[in-house]
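Down below is the structure, laid out as structure tokens.
The values are calculated or read from the model by the stated rules, or taken from the named source; none is laboratory data. Just so you know, these numbers come straight off a predicted model, no measurement behind them. All Cβ positions, even for glycine, are placed from backbone atoms using ideal geometry, and neighbour counts span all protein chains on display.
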Amino acid sequence: MSIEYGQQHKKVDRSKIPLEIKYHRQSQVLELIYTSNDEQQISKSLSAEYLRVFSPSAEVQGHTSDQAVLQFGKKLVNILGIEHQGSYAIKITFDDKHNTGIYTWNYLWELAEKHDQNWEQYLADLKAAGKSRASS
């Protein structure tokens, strides 16, 4: 369940910097609003659970892909805080006390673009490990 960091550490593409970030606490969805090349607004929505299980932290991803730790029981996780990290990223604090992931603009864009593929793989990994999205 690891994400390649190809986009994570590249120079920031200005088009991948959201104009606005909104967290919808009740639905537990982070909404990222971008401007397209034709000046239209594009909205990308990522659930708190998705962001938590794909946290870019070493605790989740490991220092190498074979050290990644499958996250489970995060279905109801919520976001407590979002802080800018310079001009290149945000740090998200979750209600399970996880707060070590720095989500670069490139990484957030990649998570949004590959959402369906990532989520499908995550669910398959959970099933193979006999784990659940629900907390125990």
note = Going through the stretch 25-57 in order, the residues found to be of a type in the set (Asp, Glu) and at pLDDT 90 or above are Glu31, Glu49
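Let's see how each residue does on (1) surrounded by fewer than 20 Cβ atoms within 10 Å (Cβ to Cβ); (2) touching a Lys or Arg at 6+ places or on another chain (Cβ under 6 Å); (3) farther than 21 Å from Glu20 by Cα:
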site	(1), (2), (3)
Arg52	no, yes, no
Val60	no, no, yes
Asn78	yes, no, no
Leu111	no, no, no
Ser132	yes, no, yes
key: Qualifying residues in the stretch 87-136 (those that are touching a Pro at 6+ places or on another chain (Cβ under 8 Å) and within 22 Å of Phe72 (Cβ to Cβ)) - the one modelled with the lowest pLDDT   = Gly101
